[in-house]
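Colleague: My questions will all concern the structure given below.
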Amino acid sequence: MNILVTGGTGFIGSNLWRQLLPNHTVFFILRKGTNTWRIKNLIDKCNIIFTDISDYKILSKDTAKIIGSIDVTVHLASYGVSTQKFDLDQGVETNIHSTLNLLKLSHL
């Protein structure tokens, strides 16, 4: 099974990596500059796509080679986990627009 995962550097996502990798082909979408400390020992075992899920044109271009083979998408990327620095515009962009972009992508 081919699985596409976003938000793989958070607590849940990093643990998901460990569970999926032995039995599946997993493609992880990461933002450039993402702190990968939770998954540093897994990165060279994975298929990583550095892209921006909030920009549909960039996302579709960067995933064009694999998107037709994806069976499941697990979308864990989110903004606002820490409410100390919450910006409403960033929250809408990440949590709503990015989700819509992934849904559009899944119909290709």
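Colleague: Can you tell me which residue among 33, 68 is modelled with pLDDT under 95 and either within 14 Å of the chain's Cα centre (by Cα) or open to solvent by less than 50 Å² (accessible area, probe 1.4 Å) (or both)?
Modeller: 33
Colleague: Before we move on, is residue 62 over 14 Å from residue 3 (Cβ atoms) and either at pLDDT 95 or above or under 13 Å from the mean Cα position of the chain (by Cα) (or both)?
Modeller: So residue 62 passes the test.
Colleague: Then there is this: Taking the residues in the range 10-43 that are in contact with a Phe, Trp or Tyr (Cβ under 8 Å, 6 or more places away or on another chain) and in a loop (DSSP other than H, G, I, E, B) as candidates, determine which candidate is nearest to residue 95 (Cα to Cα).
Modeller: 31
Colleague: For the subset of the range 36-58 comprising residues that are touching a strand residue (DSSP E or B) at 6+ places or on another chain (Cβ under 8 Å) and closer than 22 Å to residue 100 by Cβ, which member is most open to solvent (accessible area, probe 1.4 Å)?
Modeller: 50
Colleague: Let me ask something else about it. Is it true that residue 40 is more than 17 Å from residue 7 (Cα to Cα) and either of a type in the set (Lys, Arg) or modelled with pLDDT under 95 (or both)?
Modeller: Answer is no for this residue.
Colleague: Just name the residue that is least open to solvent (accessible area, probe 1.4 Å) out of those in the range 71-89 that are in a loop (DSSP other than H, G, I, E, B) and hydrophobic (A, V, I, L, M, F, W, C).
Modeller: Per the criteria, the residue is 77.
Colleague: Tell me which residues, restricted to the range 6-30, are under 9 Å from the mean Cα position of the chain (by Cα) and aromatic (Phe, Trp, Tyr).
Modeller: Across the range 6-30, the qualifying residues are 27, 28.
Colleague: When the range 1-30 is examined, which residues are found to be surrounded by 13 or more Cβ atoms within 10 Å (Cβ to Cβ), out of contact with any Gly (no Cβ under 6 Å at 6 or more places or on another chain) and hydrophobic (A, V, I, L, M, F, W, C)?
Modeller: Of everything in the range 1-30, those that are surrounded by 13 or more Cβ atoms within 10 Å (Cβ to Cβ), out of contact with any Gly (no Cβ under 6 Å at 6 or more places or on another chain) and hydrophobic (A, V, I, L, M, F, W, C) turn out to be 3, 4, 5, 16, 20, 21, 26, 27, 29, 30.
The values are calculated or read from the model by the stated rules, or taken from the named source; none is laboratory data. This one's a predicted model, so the numbers in the text were calculated from it and none came from an experiment. Neighbour counts run over all protein chains shown; Cβ positions are idealised from the backbone, glycine included. Side chains are part of the model used for accessible areas, which takes the heavy atoms of the whole protein and leaves out ligands, DNA and RNA. Shrake-Rupley method; radii C 1.70, N 1.55, O 1.52, S 1.80 Å.
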